[in-house]
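One structure is given here, and the rest of the page talks about it.
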């Protein structure tokens, strides 16, 4: 079994030590920093497999750190916050976070969520052929998406969502079904964040995100990937 590394970014030293203890118990290599600017340095130098990122940080806040990371990396990010605001969750997911945990939380839950994300993003997929729909090619083995032979940068969650929809073209998925099949768990309020991921995907793969050709809304139910394209 692969040994994964995690970067914990939080200015609460006691919380960092607690999370490190739980990640260590599960066999992770753990790194930690206490402000946003140091986090950017650690990401470049340590190249962690996953990041646990607090929103309220000195130097550069969590939103800023996430935006900077997403410029050139799709490393999974779990955001932490003491604020239970749905708007915070949506903003975090829209800028590229893969999950969101509100304080206070169980350290075991954070580790469990990290393991779910890592199993999803690092699983063996060599038995699959690339999926081709219209001008999109989704290479599951290489974890790559191209459009007209040009690479498209997706976060791990966006990739998993696209894989689910394309692999079941024309099948309608409710938000709850999308959460269950891409995340492996559910929690209150998460269904609404599916919309944020859909918005991001449309922005990246649709010619006109406001009139989507691929990812279509089925009002009152959820979403589907249409195989009826002109490409």
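The values are calculated or read from the model by the stated rules, or taken from the named source; none is laboratory data. Computed from a prediction, not measured in an experiment: that's the story for all the values here. When we count neighbours, we look across all protein chains shown, and the Cβ atoms used for this are built from the backbone with ideal geometry, even at glycine.
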Go through segment 59-74 and report how many residues are more than 17 Å from residue 101 (Cα to Cα) and either at pLDDT 90 or above or surrounded by 12 or more Cβ atoms within 10 Å (Cβ to Cβ) (or both). 9
Of the residues in segment 149-166, those that are under 16 Å from residue 67 (Cα atoms) and in contact with a strand residue (DSSP E or B) (Cβ under 7 Å, 6 or more places away or on another chain) come to 154
Kindly check whether there is at least one residue in segment 24-33 that is farther than 15 Å from residue 78 by Cα, touching a helix residue (DSSP H, G or I) at 6+ places or on another chain (Cβ under 6 Å) and either touching a residue at least 40 places away in the same chain (Cβ under 8 Å) or part of a helix (DSSP H, G or I) (or both). yes
Residue count, segment 24-67, condition under 18 Å from the mean Cα position of the chain (by Cα) and closer than 14 Å to residue 114 by Cα, comes to 6
Name, by its number, the condition in (1) at pLDDT 90 or above; (2) closer than 21 Å to residue 158 by Cβ that does not hold for residue 28. (2)
Are there strands (runs of 3 or more DSSP E) fully within segment 128-217 with at least 3 residues that are modelled with pLDDT under 85? List them. 131-133, 136-139
